[in-house]
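Engineer: Dropping a structure here in structure tokens format, bear with me for questions.
The values are calculated or read from the model by the stated rules, or taken from the named source; none is laboratory data. Since the structure is predicted, the reported quantities are computational estimates derived from the model, not experimental observations. Here the Cβ positions follow ideal geometry from the backbone for every residue, glycine too, while neighbour counts run over all protein chains shown. These area figures cover heavy atoms from the full protein model, side chains too; ligands, DNA and RNA do not enter into them. Shrake-Rupley method; radii C 1.70, N 1.55, O 1.52, S 1.80 Å.
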Amino acid sequence: MTPTEFRKRFPVLAHRVYVNSCSQGALSVDVEEAFALYLESWHREGSPWELWVAEVNRLRAKFASSIGADPDEIAVIPSASAGINAVASALDFSGPRSQVVMGTFEFPTMAQIWLAQERRGATIRWAEAERDVLPIESYANAIDERTLIVPATHVCFRNGFKTDVAALVRLAHDRGAYVFLDDYQRTGSGPIDVHALGVDFMVTGCLKYLLAAAGIGFLYVRRDLVGRFEPTMTGWFGRVNPFDFRIDRIDWPESATRFESGTPAVPNAYAALAALNLLGRIGAGAVAAQVGRLVERYHAAATEAGFVVRTPADPDRRGPLVVVDCVDPARLLSRLAARDIVASSRGTGLRVSFHAYNDEADVDAVIHALEAESALVARRQARPAAAS
Ligand SMILES: Cc1ncc(COP(=O)(O)O)c(C=O)c1O
């Protein structure tokens with residue numbers, strides 16, 4: 001499937017310049033049909049739970065293969081927060097390793113869940129950013145023999161900075177700490193191989209570049225670690241056989257399903273599987289190539305226009321999101337909306353993000369609109385003229 005064919009699957013693109021996949025992916029006809037299929041199965045069968053649980057397991061297998069993992073390393077969870085909580089609940093902070101090292105680019109839910117572990121004996125140490133860059137050296141200054149785990153966002157939701165995960169894993173593992181990757185702002189925008197990267201845990205969810213709906217996330221746990229953890233945030237779907245209905249004892253299966261808790265969000269599993277199948281038809285490599293081209297075009301044009309671009313120019317240090325500083329984000333967003341452009345903001349940053357369904361005309365439309373609304377966009381200070 002070519003990017004042009006892919007684009008045609010998303011009706012919203014016929015009347016909007018949609019550059020908000022960092023917040024919510026656009027709705028494809030495939031995902032819409034999957035919801036209808038779920039409803040139809042409910043109408044037809046009444047309560048086809050075996051069929052529905054099988055769909056969730058198909059989703060688990062499909063997601064696993066999309067990140068280079070095996071199905072038994074994947075927990076299907078209702079949100080990224082649920083996966084982070086399940087892992088945190090399994091950790092023991094009473095030993096010599098009680099420290100959590102986090103960068104200041106984390107999404108709030110990641111930071112808040114680990115801050116909550118202070119009640120259970122954890123201590124938090126921050127790896128500090130230098131403005132919109134979080135160098136590995138900041139982690140190197142913070143990770144030591146007391147560090148248990150390093151939760152790290154892959155791409156920052158606020159400025160688009162991309163962490164060098166391979167370097168972070170080397171550093172943390174050398175010092176005996178786990179790495180817990182939050183890939184939410186990247187998954188679906190290009191390939192990843194979790195085994196090759198060596199991360200210990202990874203969490204992500206479906207509503208952004210995975211192009212589905214809220215209610216489904218995924219937790220990857222490296223196979224050799226699974227058996228070491230007994231999450232106390234748990235429930236009947238976290239058992240060896242949920243349909244044993246035992247209330248007198250608890251067990252944890254030898255797979256990542258031990259990190260699951262309650263009944264899965266079946267309608268959203270239908271949607272998520274359809275979206276993954278669609279992404280599979282274009283291919284992760286082709287998605288990455290299209291996204292990379294558009295990010296480069298937008299970044300270069302915004303820089304050329306004199307805007308304050310907060311996302312790195314280095315393609316290795318950025319993902320599908322580019323952030324430009326603005327003067328009045330709410331006003332700018334409503335001006336863009338009046339031009340049928342859907343974007344979002346965090347703080348003073350205007351977030352414009354690309355998927356394989358976007359094209360060059362989308363980039364040019366956003367740049368044109370920002371130039372037309374330039375009073376609302378921050379500009380770089382003109383360089384003082386060189387002394388002659
Ligand atoms: C980096 C990152 N992590 C996590 C989340 C959301 O987590 P949850 O699925 O728990 O709502 C987001 C959503 O915006 C995000 O950008």
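Engineer: Out of the residues in the stretch 345-361 that are within 16 Å of Ser189 (Cβ to Cβ) and of a type outside the set (Val, Ile, Thr), state the one that is most open to solvent (accessible area, probe 1.4 Å).
Structural biologist: Filtering the stretch 345-361 down to residues within 16 Å of Ser189 (Cβ to Cβ) leaves 351-359.
Adding the requirement that they be of a type outside the set (Val, Ile, Thr) leaves 351, 353-359.
On the way: Arg351: 3, Ser353: 0, Phe354: 0, His355: 0, Ala356: 1, Tyr357: 1, Asn358: 2, Asp359: 41 Å².
Residue satisfying both the conditions and the ranking: Asp359.
Engineer: Another question, if that's okay. Can you name the number of the only condition in (1) in contact with a Pro (Cβ under 7 Å, 6 or more places away or on another chain); (2) of a type outside the set (Lys, Arg); (3) assigned to a loop (DSSP other than H, G, I, E, B); (4) surrounded by 19 or more Cβ atoms within 10 Å (Cβ to Cβ) that Leu211 fails?
Structural biologist: All conditions are met except number (1).
Engineer: Still on this structure, please answer the following. Name the residue that is nearest to the ligand (Cβ to nearest atom), counting only residues in the stretch 214-223 that are at negative phi and open to solvent by 10 Å² or more (accessible area, probe 1.4 Å). Outline the logic, then answer.
Structural biologist: Here is the first cut: in the stretch 214-223, the ones at negative phi are 214, 216-223.
Next, only the ones that are open to solvent by 10 Å² or more (accessible area, probe 1.4 Å) stay: 214, 222-223.
Working: Ala214: 8, Arg222: 20, Arg223: 24 Å.
Only one residue fits best here, namely Ala214.
Engineer: While we're looking at this one, here's another question. May I ask you to verify whether Val199 is over 26 Å from Leu39 (Cβ atoms), open to solvent by less than 20 Å² (accessible area, probe 1.4 Å) and assigned to a loop (DSSP other than H, G, I, E, B)?
Structural biologist: Numbers: over 26 Å from Leu39 (Cβ atoms): yes; open to solvent by less than 20 Å² (accessible area, probe 1.4 Å): yes; assigned to a loop (DSSP other than H, G, I, E, B): yes.
Here the answer is yes, as Val199 does meet what is asked.
Engineer: Give the residues of the stretch 317-328 that are open to solvent by 10 Å² or more (accessible area, probe 1.4 Å) and within 27 Å of Met1 (Cβ to Cβ), sorted by residue number.
Structural biologist: The answer is Arg318, Gly319.
Engineer: Contact list please: Cβ distance under 9 Å, first residue in the stretch 95-112 and over 13 Å from Phe180 (Cα atoms) and open to solvent by 50 Å² or more (accessible area, probe 1.4 Å), second residue more than 10 Å from the ligand (Cβ to nearest atom) and acidic (Asp, Glu), pairs at least six apart or on different chains.
Structural biologist: Close Cβ pairs satisfying both conditions: Pro96/Glu145; Arg97/Glu145; Thr104/Glu128.
The rows are residues; the columns are (1) of a type in the set (A, V, I, L, M); (2) within 14 Å of the ligand (Cβ to nearest atom); (3) open to solvent by less than 40 Å² (accessible area, probe 1.4 Å).
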residue: Arg119; (1), (2), (3): no, no, no
residue: Ala127; (1), (2), (3): yes, no, yes
residue: Glu130; (1), (2), (3): no, no, no
residue: Leu134; (1), (2), (3): yes, yes, yes
residue: Tyr139; (1), (2), (3): no, no, yes
residue: Asp144; (1), (2), (3): no, no, yes
residue: Thr147; (1), (2), (3): no, no, yes
residue: Ala152; (1), (2), (3): yes, yes, yes
residue: Phe157; (1), (2), (3): no, yes, yes
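Residue by residue, here is whether (1) open to solvent by 30 Å² or more (accessible area, probe 1.4 Å); (2) of a type in the set (A, V, I, L, M) holds:
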site: Leu225; (1), (2): no, yes
site: Glu230; (1), (2): yes, no
site: Pro242; (1), (2): no, no
site: Trp252; (1), (2): yes, no
site: Ser255; (1), (2): no, no
site: Arg258; (1), (2): no, no
site: Pro267; (1), (2): yes, no
site: Ala271; (1), (2): no, yes
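Engineer: Looking at the stretch 159-191, which of its residues are within 16 Å of the ligand (Cβ to nearest atom), closer than 22 Å to Gly292 by Cα and among the aliphatic types (A, V, I, L, M)?
Structural biologist: Across the stretch 159-191, the qualifying residues are Val165, Leu181.
Engineer: Specify which of the listed residues (Ala313, Ala300) is part of a helix (DSSP H, G or I), surrounded by fewer than 16 Cβ atoms within 10 Å (Cβ to Cβ) and at pLDDT 95 or above. Talk me through it step by step, then tell me what you get.
Structural biologist: Numbers: Ala313 fails: part of a helix (DSSP H, G or I).
Selected residue: Ala300, the only one of Ala313, Ala300 that is part of a helix (DSSP H, G or I), surrounded by fewer than 16 Cβ atoms within 10 Å (Cβ to Cβ) and at pLDDT 95 or above.
Engineer: Let me ask you something else. Tell me yes or no: at least one residue of the stretch 149-161 is at pLDDT 95 or above, closer than 30 Å to Asp30 by Cβ and among the charged types (D, E, K, R).
Structural biologist: No: zero hits.
Engineer: What residue, of Thr123, Thr104, is within 16 Å of the ligand (Cβ to nearest atom) and not hydrophobic (A, V, I, L, M, F, W, C)? Steps first, answer last, please.
Structural biologist: Details: Thr123 fails: within 16 Å of the ligand (Cβ to nearest atom).
The unique qualifying residue is Thr104.
Engineer: Does at least one position in the stretch 280-292 carry a residue that is part of a helix (DSSP H, G or I), farther than 20 Å from Leu27 by Cβ and open to solvent by less than 10 Å² (accessible area, probe 1.4 Å)? First the steps, then the outcome.
Structural biologist: Initially, the stretch 280-292 is screened for residues part of a helix (DSSP H, G or I), giving 280-282, 284-292.
Remaining after also requiring farther than 20 Å from Leu27 by Cβ: 284-286, 288-289, 292.
This time we only want the ones that are open to solvent by less than 10 Å² (accessible area, probe 1.4 Å), so: none.
There is no residue in the stretch 280-292 that is part of a helix (DSSP H, G or I), farther than 20 Å from Leu27 by Cβ and open to solvent by less than 10 Å² (accessible area, probe 1.4 Å).
Engineer: Another question, then. If Ala90 satisfies all but one of (1) within 14 Å of the ligand (Cβ to nearest atom); (2) farther than 30 Å from Val323 by Cα, what's the number of the condition it fails?
Structural biologist: (1)
Engineer: Which ones in the stretch 339-369 are assigned to a helix (DSSP H, G or I) and either touching a residue at least 12 places away in the same chain (Cβ under 8 Å) or under 19 Å from Gln290 (Cβ atoms) (or both)?
Structural biologist: Step one: list which residues in the stretch 339-369 are assigned to a helix (DSSP H, G or I), which gives 360-369.
Hits for the stretch 339-369 are Glu360, Ala361, Asp362, Val363, Asp364, Ala365, Val366, Ile367, Ala369.
Engineer: Of the numbered conditions (1) open to solvent by 30 Å² or more (accessible area, probe 1.4 Å); (2) within 17 Å of Ala269 (Cα to Cα); (3) more than 16 Å from the ligand (Cβ to nearest atom), Pro78 satisfies every one except a single condition; which is it?
Structural biologist: (3)
Engineer: When the residues of the stretch 17-58 are narrowed to those that are of a type in the set (A, V, I, L, M, F, W, C), open to solvent by 20 Å² or more (accessible area, probe 1.4 Å) and not in a helix (DSSP H, G or I), which ends up farthest from Ala275 (Cα to Cα)?
Structural biologist: We begin by selecting, within the stretch 17-58, every residue of a type in the set (A, V, I, L, M, F, W, C); these are 17, 19, 22, 26-27, 29, 31, 34-37, 39, 42, 49, 51-54, 56.
Okay, now just the ones that are also open to solvent by 20 Å² or more (accessible area, probe 1.4 Å), so 17, 27, 29, 35-37, 39, 42, 49, 51, 53-54.
Restricting the remaining residues to those that are not in a helix (DSSP H, G or I) gives 17, 27.
Working: Val17: 20, Leu27: 9 Å.
Only one residue fits best here, namely Val17.
Engineer: Can you tell which of Glu55, Glu40 is away from the ligand (no atom under 16 Å from the Cβ) and touching a helix residue (DSSP H, G or I) at 6+ places or on another chain (Cβ under 7 Å)? Walk me through it before giving the result.
Structural biologist: Details: Glu40 fails: touching a helix residue (DSSP H, G or I) at 6+ places or on another chain (Cβ under 7 Å).
Of Glu55, Glu40, the one residue that is away from the ligand (no atom under 16 Å from the Cβ) and touching a helix residue (DSSP H, G or I) at 6+ places or on another chain (Cβ under 7 Å) is Glu55.
Engineer: Is at least one residue of the stretch 12-20 hydroxyl-bearing (Ser, Thr, Tyr) and over 24 Å from Gly262 (Cα atoms)?
Structural biologist: Taking the stretch 12-20 as the starting set, the residues that turn out to be hydroxyl-bearing (Ser, Thr, Tyr) are 18.
Retained after the next criterion (residues that are over 24 Å from Gly262 (Cα atoms)): 18.
Checked against the condition, which is being hydroxyl-bearing (Ser, Thr, Tyr) and over 24 Å from Gly262 (Cα atoms), the stretch 12-20 yields at least one hit.
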